[in-house]
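Inspection log for the structure reproduced underneath, given as structure tokens.
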Amino acid sequence: MNLEIRYFASVRETLGRSGESVSLPAEVRTLADLRAYLVARGAPWSEALADGRALRIACNQQMATPETLLSPGCEVAFFPPVTGG
């Protein structure tokens, strides 16, 4: 499955890129699977997307949960939670 990933704010800064196109193996079916797959790449993904790091994830510009299923061609965005004031 092919999809587009976008990285924002501190995630983008840590990775040194704003996005990428990826081709995923069949076992990567959910957002949690995708995050684990990217972390397994090693640094800098293991730092930017680490399990203990608070991140928000959107799929096709809709807020999503780790259990959200991926679909071919979808756009996934990783970004830190933000606060306003």
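Screening region 30-85 for residues that are surrounded by 16 or more Cβ atoms within 10 Å (Cβ to Cβ) and among the charged types (D, E, K, R) and picking the one that is farthest from the chain's Cα centre (by Cα) gives Asp33.
Just checking, does region 43-63 include any residue being assigned to a loop (DSSP other than H, G, I, E, B) and β-branched (Val, Ile, Thr)? Explain how you work it out, then say what you get.
In the first step, residues of region 43-63 are kept if they are assigned to a loop (DSSP other than H, G, I, E, B); the result is 43-44, 49-55, 60-61.
Next cut, β-branched (Val, Ile, Thr) only: none.
No; the residues of region 43-63 include none that is assigned to a loop (DSSP other than H, G, I, E, B) and β-branched (Val, Ile, Thr).
Of the residues making up region 9-27, those that are in contact with a strand residue (DSSP E or B) (Cβ under 9 Å, 6 or more places away or on another chain) and either under 20 Å from Thr68 (Cα atoms) or in a strand (DSSP E or B) (or both) are Gly19, Glu20, Ser21, Val22, Ser23, Leu24.
Of all the numbered requirements in (1) in contact with a strand residue (DSSP E or B) (Cβ under 6 Å, 6 or more places away or on another chain); (2) without any contact (Cβ under 8 Å) to a residue 60 or more places away in the chain, Ala40 misses one, and that requirement is (1).
Every read-out reported here was derived from the displayed coordinates using simple, explicitly stated rules and does not represent laboratory data. Computed from a predicted structure; not experimentally measured. Cβ sites come from the backbone with ideal geometry, for glycine too, and all protein chains shown count toward neighbours.
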